[in-house]
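Here is the structure we will look at, set down as structure tokens.
Since every read-out is calculated from the coordinates, none of them should be taken as a lab result. Just so we're clear, the structure is a prediction, and the values are computed from it rather than from any experiment. All Cβ positions, even for glycine, are placed from backbone atoms using ideal geometry, and neighbour counts span all protein chains on display.
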Amino acid sequence: MIREYAVDPDAYTRNLDALQRFFTDFRAEKGRVVTAIPNLERNWVRAQQNCIRAMQLPPVQRKKCFDKISELAASSLMPGIQIPTNLNLWIEQARHVKGELGTEAIITCTTDELNGEFDYAELMFNEPQNWNIDQTISVARNAQSLADAISMSLSLAEVAMFIDPYFHPSDDRYRLPFIEFVNRLSSGRRPCRRALVYTAIQDGKTRADLQRGLTEHVRPLLPAGFEVELSIWPSNLMHDRFVLTKQVGYSFGHGLNEANYQGAIEVNVHRLAETARHTEYRKFSNTAIRQGEPIVIVGM
């Protein structure tokens, strides 16, 4: 539900219209993220700022653009890779990155469709395949399909929150999807080394059950050094099931658990608007609401 693009700053700073479109088109909540070229975030930000500065905008407009670049870097910038020193032109660097990482397309100032390069000024007439990304999809209710649906987002994450009032680590229906999510997190481009789980005490489930399930059934399946922190929340404050990162969030309409029986309803996976993601992320970051100390395990 997220795709990655290499975006040439010269392409979106040609005029104000392109600049405004860029800040709308490339956001994790819209399903499009940007590859860092150069590969370090601070160098990428500086390169974008230099191109915007060359537009000679009024100071107030320039500052607003710089702020938006910082926001984009924080929420929608994928870590890049080391680029050979003999590649000096941006387009050469982008082609190298695309070849190494499989980036969806290169957005630049000319079109070479066969090589996945598209002129940003002409996207209305010639856009990359699958440019329009659905905000909601339905997937089979099994561990691999659930994780596949948001695998790019997990690759982007530094930390991830899993919110499910029904989560039970001793139950395969919940444990198997969770481990699949963790495997995507730990093998991502960051990679992530920590997951936060939020659940509630209900349906006979106790804190001791959660502690035992995490220790006996989850920890042996974790990558070495991967940490899981489980917090117990009041059940009346938990309703929907979410996976949240600092970049993007998803709701899982029929649950984060497997259901393999015949006629099982598919899961609606919905990419949240940024305001909704931010609200939920802040809500579950409030440690004052949790009941007792968190339960922490680390993969051996």
* For region 144-300, what is one quarter of the convex hull surface built on the Cα atoms, given in nm²? -> 8.7
* Roughly how many Å is it from the Cα centre of region 44-123 to that of region 163-177, as a whole number? -> 40
* Peptides 174-184, 77-87, 188-198 ordered by average Cβ neighbours within 10 Å, highest first -> 174-184, 188-198, 77-87
* To do: Take the eigenvalues of the Cα gyration tensor for region 1-149, scale each by 5, and report the square roots as semi-axes in whole Å, largest first.
  => 25, 18, 16
* Asked: So between residue 273 and residue 101, what do we pick up on full extension, going 0.36 nm a residue minus the alpha carbon distance?
  -> 59.2 nm
* At each listed q (0.06, 0.09, 0.10 Å⁻¹), what is the log10 of I(q)/I(0) that the Debye formula gives for the chain modelled as equal alpha-carbon point scatterers? -> -0.23, -0.50, -0.61
* To do: Rounded to the nearest 0.05, what FRET efficiency do residue 85 and residue 42 give with R0 = 25 Å and r taken as the Cβ-Cβ distance? Could you check?
  => 0.85
* To do: Provide the FRET efficiency to the nearest 0.05 for the residue 111-residue 133 pair, computing r from the beta carbons and using R0 = 30 Å.
  => 0.90
* How do the peptides 251-257, 64-70, 284-290 rank, highest first, by the average count of neighbouring beta carbon atoms within 10 Å per residue? -> 251-257, 64-70, 284-290
* **HN-Hα J in Hz across region 70-85 - Karplus 6.51, -1.76, 1.60, θ = phi - 60°, x for Gly and Pro** => 5, 5, 5, 4, 6, 10, 9, 10, 8, x, x, 10, 5, 9, x, 5
* FRET E, pair residue 266, residue 158, Förster distance 41 Å, beta-carbon r, rounded to 0.05 -> 0.85
* residue 246: which lysines have alpha carbons under 28 Å from its alpha carbon, excluding same-chain residues fewer than 8 sequence positions away? -> 30, 63, 64, 68, 98, 283
* Mind pulling up the Rg/Rh value for region 224-300? Radius of gyration and Kirkwood radius, both on Cα. => 1.01
